Structure formats: C-alpha cells, structure tokens
Amino acid sequence: MSGRSGRALGWAALVVGLLAPALAGEAPRAIVVSWDGAGDEVVDRLLAEGRLPAVAALAERGLAASWVRSSFPSKTAAAHAAIWTGTWAAGSGITANEVPLLPRAEHTLLDFQSGFSSLAATGEPLFLTAALAGRRVVALSATQSIPATPLRERLRRRGVAEDRLTVVGGFESPLASAKAIDAAAFGPARPGWNGVAHRQGAREAVLRVAGTTFHLLLYDDPADPVRGLDRLLVRVGSRDRRRASAEAVLAAHPAGAEPAAWSPPFCVVDGSRHANTFFRLFDLAPDGSRVLLYRRAAYALSGAIAPADLAAYEKAYPGFQDSGFAAYARGDLGATLGDGGSGEAERRVLEIVAFDVQLLTAGATFALRAWQPDLLFHYALEADDAGHAWMGMLDSRAPGYDAALAERVWPFYARVFELLDRWLGALVAAAPPETIVALVSDHGHAGVRRWVYVNRILEEAGLLAWDAAGRVDLARTAVAAPFSDFQLRVNGTERHGGIVSPEDRAAVLRRATAALLAARDPENGAAVVRLVARPEEVPAYGIAGPLAGDLLFDLAPGYYLRTGRSGVAVTPSDRADGGGEHGFWPERREMQAIFYAAGPGIAAGARPGEIRAIDIAPTLAYLLGLPAPAQATGRVLGEAGAR
C-alpha cells in the first residue's frame, strides 16, 4: 500500500485513544482562540526558537497537529467557516471572503455578499451548536457571527433562551480608520486656547473623526526649561477648555517594547453609534517641522448582548482591534526596512500591536470572569496583518529573496507572535479549572512580488470585455474571475445577464483553461498559473453546488492575483518589498495552519499528524459532550473512523 491511502490508515491508527468525550455531569468548559494568518511553518520555527511558551505548554500538555490543511481558497472567511462548522464550502456556504449571491437567475456574475457575514452562512457553527445544547457561549469577533439575528432566531425556534449565545463584534461597524497625522496638518495656533500655559510658536490642527471634532495644540510647556514644542494637547469639541468634553496632554516618546504614553480613550460618535479612539505621539521636532501622531481606528461594538453587559464590556475593552499595519504599509510610520528604513517604523507598529494585544487581553479576561461562559470563542487579526506586511521579505521561496533583509525583519515578525502568545497565556491563567484551551488558525502566507491580472488573460483570449466605466461588460463576457477567490465563473444563461448557453459551456472552459496555462511573465517567460482544475477533479476541497466556481486555479510561487482592469497581464507588485498573501492551493506548505489543544479528555503528547480544518469542530464537540455541528463532515480525531 502506498500514497495517501496508506498514510490515512496510519493516521487513523495513530489517533485512537488520544481523546475521550466529556461524561454526563462533567462537561468541561472551552476557550477557542484563532490567530488569523498564523502559518504552521512559522509557528514551528517560533517554537523551535523558544519564543512561544504558552503554545509550547499546550503542545506538551495536550494535542499538537503536525499541520492543518486549510480550505480552498485558503482565505480567512472560508477557512474559519470550515473550522467552525466542520465542513467545506459546499456545506458551510462560505466560498471565500466574497460569496456569490443566489439564486443565479436573479443575480449577475458580479453580485456578492460578504463571506464574513452570518447572512452568507448555510452551515451551523460550533458556537451555535453549543448554545442550542444549552451551553453558555460567548463569541468575540468570530467570523459569521454578525449579524447575530439569524443565530438567535435558531435558538428561539428550538425553544432555547437567547442569552445562551452572546455575540460581540466590531469589524462590521467602522466609524473611522486609523490615521497618522504629520506636520502638514498643523498651522499657527489661533486664539481661544484657554487653560493652557505655553510660549510663543504654538501650532494647531482640527480633526474630524466620524461625527466628533478634535482640536490639537502643539505647544512649548514653560515649565520645561528646554525651548521648543514638547507637548500635545487634545481637546474634544472645542479649543475652549470650558466647552470641551474631554482633554489630554501627551509628550513625544520613541516607540518602546511595551505600550507607553498612549492617551486615554476618547469617545467618537456617528449618529447612534459610538466608539473610542486613542492617540500616541511618537515624534515631535522642537520647531514643529516633524510630527508623527498616531490615532487608532474606531469601531463600534455590536452584536447580541444585553445593554448592561455591553456597557461593562466596553469599559473593560475600550478599543477594538487595530494592529497599525495599514499605516505602516503606507509608510506613515516612517521608512520601512524594505524601503531602506532604520527599523523605527517597525518598532512603532510593534508598539501599536502591543497596545492592541493589551486591550484584547483586558477584554477577554473580563469576559471570562464576568460572564463565566461554558465556551469562549475569540479571533485576532495581528498575525495576519503582520504576514501581509512582512512575508514578502521573509519567504525564501519568493523571487528576489534577500537573506540579510529577512534576518533583520524576522525579529519584528516574531515579536507579534510573542505578544499573541502572552495573550494566550493570560487566557489560560484566567480560565477556570477543567477548561479545554484550543488554538487554531486559518492559513499562512506566501511571499509575492508580482501581480497576475487574471481578467486581462481572459480578455486577451477573447473571453472577457470591459465597459466604458472599467467594469466587466456582462453582455460581452463569457467567463471571468469576479472575486479574489482563485475561481473562474462562466457567465451562463442561467444567471441574470448571462450569455453562455449550456451547450457552449464546455468550450468556454477549455479556452479559459488553455489561456491560463499559456500565460507567461514577460520579464522571465515563466508560466504564472501552475494548476487548473474543475471542482469535480478535487472533491476533497468540497467546492460544489451553485456557489462554486467552474474552474479553480493556483499561481506559481511569487505571484498573486488581481481581478481589476490592467493593460498587461503581469506586473510588478506596487510595493518594493512585495508582501504576503494567501488563498493558494491549501497543500502548499506556506498555507498550512495550526491546531493545538489541551485540557480534559486530551492525552498529553497527542499527535494526530496531518489534519483538516473541518476536523476541528467535530473534535471539540466530541470533547465537550456535544453533537457535531449539523453539517459537519470532518473526523473526530479521537476516533478511528471518518464521520
């Protein structure tokens, strides 16, 4: 016996007896933490370097998968849906970050809804399964949990109290994106700044954040013997102290390993919504010629939660997730290492991450203490943002790899994981006895340096056209890549506005396949598409039904897709240092994810080998004495057979 069949039998024999189900009256609690973008390859290296003590402790006390096969595409929404529901896209309804709208007869090839929304989901997530069983469940920032109305409607139909499931999120309600404010925003101070002593030369700026106005004053504090601007005064609503609703004074400090010199939270309002933002002054020249003031993003918290509980949670967790990498990638925090910087920009973004993780820890530990859930689910984005920013320089398989540059970048990337590991350790310490703690991720990152404009390839093959506004012209398009999900979709007549008849579909697919495989990079003549398959040729990916694409494809190492319009099919990345991306074929080493778990029912040193994302939910349900989620097709790792 050889190949994957032999390995599968070996895997089945290996896992027998590693796990035990919860017994009646002894059901443990559980904490399930997701580190978006934490690739197995990266975590393995960090563990080998001794940088992740909390993860290492989970592995020693319990289960550590060799690696986890992600969904196809290896995208955040689809992979998390697989983790939560125990089934691939055909069962979960989540094909990628963008999900086509159905029915086809009422929607065009281009219509979609967010794959992060519960409205797109058709599968039952484990957090709903547990609530339906009467367990007290809290889901914080979990994909497919907002809006919570469909989930709570399921509870009502089954006669289960709605308070069994508490859902809180923020990504769905952005009030203001993060912003770095520089010297250009400031002009000479005008009259009206009372209640503050300062020397001549003060400068001011006015910021509008959502529906709230901030007045900022850079001034020279006369109590400081050194002449020059050295303080920032922040007032909300007015320069006049008597009319301002809040204020704070900040001094400039260089970035540090731990959060320092951050302002208190300032509430911003947009209609009926509110959220907090924070300020951090990283740099201020005495003459005002150089200013770097970072303002955190503001997201309103929402979900399914009692108003009093939400108010208490907002007090404990006053700022939703903001890693700072959007500003970093724009160069707003200074020149990056990839652009020849000194490392100061990286130190600044790391302090922003450290502050973010500090807030995450406060919010999660509050939820554990105050609400005492049977199951807590929590999601964090920091590792994903870091991978997008730095994997282009760290991936030795990417074109243009510079080992010396990678050596400089690695400690910064590693520090993001060290901070997340600290958060995980705090959750373990705060958890009640007899709690299962599980750490999962959705995918890793691959370094990329070149863009492939897939729709340009189809255009050159005569299969796609654009209208005057630069949109796909459905009246002249036979097939397209409408979303960044590594799938082509035929514009068939079963769709609204479709033009390809059933008898012409096969010919269109043959032409599209040939065009993709023939595409070459003009810089080096290399093929940019490495694989093309129809969904039925890769049944293990679970891509089927009306949501599925008609062709799946993967790109060569170093390339990533773009779906917009371009005059050429292959171009350099718009970043000198490339970047990290995901979505590729899930077997690629860079895409492999993680699963660690320890607690009641899990044998120390359990090593189930290679697993799939869809095996996680059935396994956790089994340990908790719960039924598997309704659509689950994954295995329970403690049982020999497939479900």
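Please work out how much length the chain gains when fully extended from E434 to A48, using 0.36 nm per residue of separation minus the C-alpha to C-alpha distance, in nm with one decimal.
Working it through step by step, the gained length comes to 136.1 nm.
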Obtain the nm distance between the two label points defined at R190 and R156 by a simple spin-label model: each point lies 7 Å from its Cα along the Cα-to-C-beta direction.
5.1 nm
Label points 7 Å out from Cα along the Cβ direction at R534 and V206: separation in nm?
6.4 nm
For the stretch 520-553 and the stretch 297-324, what is the centre-to-centre distance using only Cα atoms, to the nearest Å?
40 Å
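Using a probe of 1.4 angstrom, how much of the accessible area of the chain is carbon and sulfur, in percent? Provide the component values of the computation, followed by the final result.
Numbers: 12470 of 23610 Å².
With neighbouring chains kept in place, the figure for the chain is 53 percent.
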So what is the relative contact order of the stretch 84-156, in percent, for Cα pairs below 8 Å that sit 6 or more residues apart?
31 percent
Once all protein chains are kept in place, W466 shows an accessible area at probe 1.4 Å, nearest 10 Å², of 20 Å²
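For D577, D163, write out the residues from largest to smallest accessible area, computed with a 1.4 angstrom probe and no ligands counted. Show your work: numbers first, answer last.
Working: D577 10, D163 85 Å².
The most accessible residue leads, giving D163, D577.
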Short version: ³J(HN,Hα) in whole Hz for each residue of the stretch 267-275, in order, from phi by Karplus 6.51 cos²θ - 1.76 cosθ + 1.60 (θ = phi - 60°), x for Gly and Pro, what are they?
7, 10, 10, 9, x, 8, 9, 9, 7
With every protein chain in place, what's the accessible area of T277 (1.4 Å probe, Å², nearest 10)?
0 Å²
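May I ask you to compute the full-extension gain from S289 to S342, defined as 0.36 nm times their residue separation minus their alpha-carbon distance, rounded to one decimal in nm? Let's see the in-between values first.
Numbers: separation 53, 0.36 × 53 = 19.08 nm, distance 2.00 nm.
Going from the current span to full extension adds 17.1 nm.
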Could you tell me which label, among (i) 45; (ii) 69; (iii) 41, carries the value of percent of Cα pairs over 35 Å apart calculated for this structure?
(i)
Summed over the other residues with a beta carbon less than 13 angstrom from that of P572, with K and R at +1 and D and E at -1, the charge totals 0
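Helix-only estimate, please: 222 nm mean residue ellipticity of the chain, summing -39500 (n - 2.57) across DSSP H runs of length 4 or more and dividing by its residues, to the nearest 500.
On the way: 15 runs with 174 residues, N = 643.
Calculated at 222 nm, the ellipticity per residue is -8500 deg cm²/dmol.
Please list the helices of the chain that count as membrane-span-like by this rule: a mean Kyte-Doolittle hydropathy of at least -1.0 together with Cα atoms stretching 15 Å or more along the helix axis, each helix being a complete DSSP H run. Could the numbers behind the result be given before it?
Numbers: long enough: 3-15 (19 Å, 0.41); 344-371 (40 Å, 0.54); 382-394 (18 Å, -0.18); 403-430 (40 Å, 0.74); 505-518 (20 Å, 0.87).
Span-like helices, by this rule, are 3-15, 344-371, 382-394, 403-430, 505-518.
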For the chain: relative contact order, % (alpha-carbon pairs under 8 angstrom, 6 or more apart)
27 percent
Any chance you could check the Cα centroid distance between the stretch 51-67 and the stretch 217-273 for me, in angstrom?
42 Å
State, to one decimal in nm, how far the label point of V269 lies from the label point of R520, with both points 7 Å from Cα in the Cβ direction.
6.4 nm
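Within a Cβ distance under 12 Å of R489, other residues only, what is the Lys/Arg minus Asp/Glu net charge? Present the calculation step by step, with values, prior to reporting the outcome.
Details: positive: R104, R495, R505; negative: E98, D111, D485, E494, D550.
Here the count lands on -2.
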What does the stretch 423-515 give for Rg and for Dmax, in Å, if only its C-alpha atoms count?
22.1, 64
Rounded to the nearest 5, the percent of antiparallel DSSP beta bridges in the chain equals 70 percent
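Hey, what did the stretch 405-550 get for relative contact order, percent, Cα under 8 Å, at least 6 apart?
On the way: 129 pairs, mean separation 20.4, N = 146.
The normalised contact order for the stretch 405-550 reaches 14 percent.
How much net charge surrounds I94 when only the other residues with a Cβ under 14 Å from the Cβ of I94 are counted, with Lys and Arg +1 and Asp and Glu -1? Write down the numbers at each step before the final one.
Working: positive: K75; negative: E98, E124, D442, D485.
Combined, the nearby Lys, Arg, Asp and Glu give -3.
How would you order 541-554, 492-505 from highest to lowest mean count of nearby Cβ atoms within 10 Å?
On the way: 541-554: 19.7, 492-505: 15.5.
Most protected by this proxy first, the peptides run 541-554, 492-505.
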Along the dipole axis of the stretch 310-447 (charges at Cβ: +1 for Lys and Arg, -1 for Asp and Glu; origin at the Cα centre), the most positive-end residue among A446, A370, G319 is A370
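The values are calculated or read from the model by the stated rules, or taken from the named source; none is laboratory data. This structure is a prediction, so every number in the text was calculated from the model and none was measured. Glycine also receives a Cβ, built like all others from the backbone with ideal geometry; neighbour counts cover every protein chain displayed. Areas reflect the complete protein model, heavy atoms only, side chains present, ligands, DNA and RNA absent. Shrake-Rupley method; radii C 1.70, N 1.55, O 1.52, S 1.80 Å.
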